[in-house]
Amino acid sequence: MSSSLLSAVRTGTYRAFRGKLIGSASLRIPLCHAVREMHGSATRNPTGRRSLLVAAGAAVVAGLAAGYSHLQRAEMAPRSSVPAEGSPGDDLVKRCEGFMAPPVTDLQQLRDNQQDMKTQMELLIMGTQAEVCRALAEADGGATFIVDRWQRQEGGGGVSCVLQDGNVFEKAGVNVSVVHGYLSEESIMQMKSRGKSLKTKEGKLPFCAMGVSSVIHPKNPHVPTIHFNYRYFEIEEADGNKQWWFGGGTDLTPTYLDQEDVVHFHQTLKDACDKHSPGFYPKFKKWCDDYFFIKHRGERRGVGGIFFDDLDSPSKEELFQFVQSCAKAVVPCYLPIVEKHKNDSFTPEDKLWQQLRRGRYVEFNLVYDRGTKFGLATPGSRIESILMSLPLTARWEYMHSPQPGSKEAEIIGILREPQDWVH
């Protein structure tokens, strides 16, 4: 029963409800009310806990529509700042009006270069940011996002959306950056260390990079942290040759293990990967397990997901479609888990364990994370956006070790030995 319900959330039923709901104001309030009623009754029934993902899936759908009102209040950049050029039916203008803020690149430039991969990617990451923020705002039920549109003196800029100290989320950030200029020597060395052959001119290397990056830290220890990042790079070498590649991934970091949640998360990502190649999920799942490894602790940061970098074949368009599928999988792979657990009771001991696990999260991000290192090494980088991934609170205790056989020891065992969650 449980697996079939999760399948409905992941696949056709989820998409069908979502398609009917968006743009249908008459359905928003009744469906949201129904979801709350379902969630409340299931929470009171201890035997119905596993079925909460049904209501959770509906809540995700409702969030994409009903959450829009939250974001209208939160937005700092006025809608009128999007140039309303073109005909009244201009699809690009309509698409941009649904974003959290106007795109970083001028609308006319986007219109003139609609087939360019940089344009396609910027529109994808802006749309992903808006979709995720709406779902999170609805799930939180109270707090709103601060929307901060910023510019980089060296070229480009971004949009940072942060929800802080809400009902459900202690800190949730969804950032978009679209930057260009010259790579620093440190960044060039970092790329060369990954095997890239880069021809510089007088030590300079022009680049363009864009991506959406998010880390979400919930208050409840039974709601896992999630991170996702999808990005596109272009570099022009001294001889005029251009190199390009895609990177990204989505991974889950629970404080306590709920196997059903982890299976749902991985199956949703596998479904997105399988649309493009049956080899993608196993390859990128292993890459994720290997990448998010805290060497000095001998454990993974979480239960994995998918991760990839430097993808430059088979073609730009095929890889863009793959990245788009991965980005679209973020809400259905995570929000049902949030809805299932956001009202769970927890003890002070549960909260303490969450704080200790967050300490591990901080250690990985500051010591090993490639994106953090690149950001800090890039001239004119925005430190607030780079360090947005860190939780508001964390804890380190000297020589702390969980009791053998405890639920805390259980998750440590999983983090030391990666599991196959979908077979």
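The values are calculated or read from the model by the stated rules, or taken from the named source; none is laboratory data. Predicted model only: the values in this text are computed from it and were never measured. Glycine gets a Cβ as well: all are built from the backbone with ideal geometry, and neighbour counts include every protein chain shown. Each accessible area value is taken on the protein alone, full model and side chains, heavy atoms only, with ligands, DNA and RNA left out. Shrake-Rupley method; radii C 1.70, N 1.55, O 1.52, S 1.80 Å.
So the values come out like this:
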item	result
Residue match in region 303-317 (condition: touching a Lys or Arg at 6+ places or on another chain (Cβ under 7 Å) and at pLDDT 95 or above)	yes
Filter result (out of contact with any helix residue (DSSP H, G or I) (no Cβ under 9 Å at 6 or more places or on another chain) and farther than 13 Å from LEU387 by Cα) within region 351-372	LYS351, LEU352, GLN354, GLN355, ARG358, GLY359
Qualifying residue in region 252-261 (condition: within 17 Å of the chain's Cα centre (by Cα) and either in a loop (DSSP other than H, G, I, E, B) or closer than 19 Å to GLN120 by Cβ (or both))	yes
Search result, residues across region 103-122 that are part of a helix (DSSP H, G or I) and either among the charged types (D, E, K, R) or more than 16 Å from the chain's Cα centre (by Cα) (or both)	LEU107, GLN108, GLN109, LEU110, ARG111, ASP112, MET117, LYS118, THR119, GLN120, GLU122
Index of the failed condition, LYS407 passing every other in (1) basic (Lys, Arg); (2) more than 24 Å from the chain's Cα centre (by Cα); (3) closer than 21 Å to PHE284 by Cα	(3)
Criterion (open to solvent by 10 Å² or more (accessible area, probe 1.4 Å) and among the basic types (Lys, Arg)) met by exactly one of LYS270, LYS340	LYS270
Selection count where residues are surrounded by fewer than 18 Cβ atoms within 10 Å (Cβ to Cβ) and in contact with a Leu (Cβ under 7 Å, 6 or more places away or on another chain), scope region 362-381	2
Residue identified as in a loop (DSSP other than H, G, I, E, B), out of contact with any Asp or Glu (no Cβ under 6 Å at 6 or more places or on another chain) and either open to solvent by less than 10 Å² (accessible area, probe 1.4 Å) or closer than 28 Å to TRP353 by Cβ (or both) among HIS264, HIS296	HIS296
Residue identified as open to solvent by 10 Å² or more (accessible area, probe 1.4 Å), at pLDDT below 95 and at positive phi among GLY86, GLY142	GLY86
From VAL223, VAL162, VAL168, residue being aliphatic (A, V, I, L, M), touching a His at 6+ places or on another chain (Cβ under 7 Å) and either at pLDDT below 95 or farther than 26 Å from MET117 by Cβ (or both)	VAL223
Filtered residue count, region 269-282, keeping only those that are within 26 Å of TYR256 (Cα to Cα) and either over 19 Å from the mean Cα position of the chain (by Cα) or modelled with pLDDT under 95 (or both)	1
Residue under evaluation GLU384, criteria (1) touching a helix residue (DSSP H, G or I) at 6+ places or on another chain (Cβ under 9 Å); (2) touching a residue at least 40 places away in the same chain (Cβ under 8 Å); (3) surrounded by fewer than 18 Cβ atoms within 10 Å (Cβ to Cβ); (4) closer than 29 Å to MET210 by Cα, criterion not met	(1)
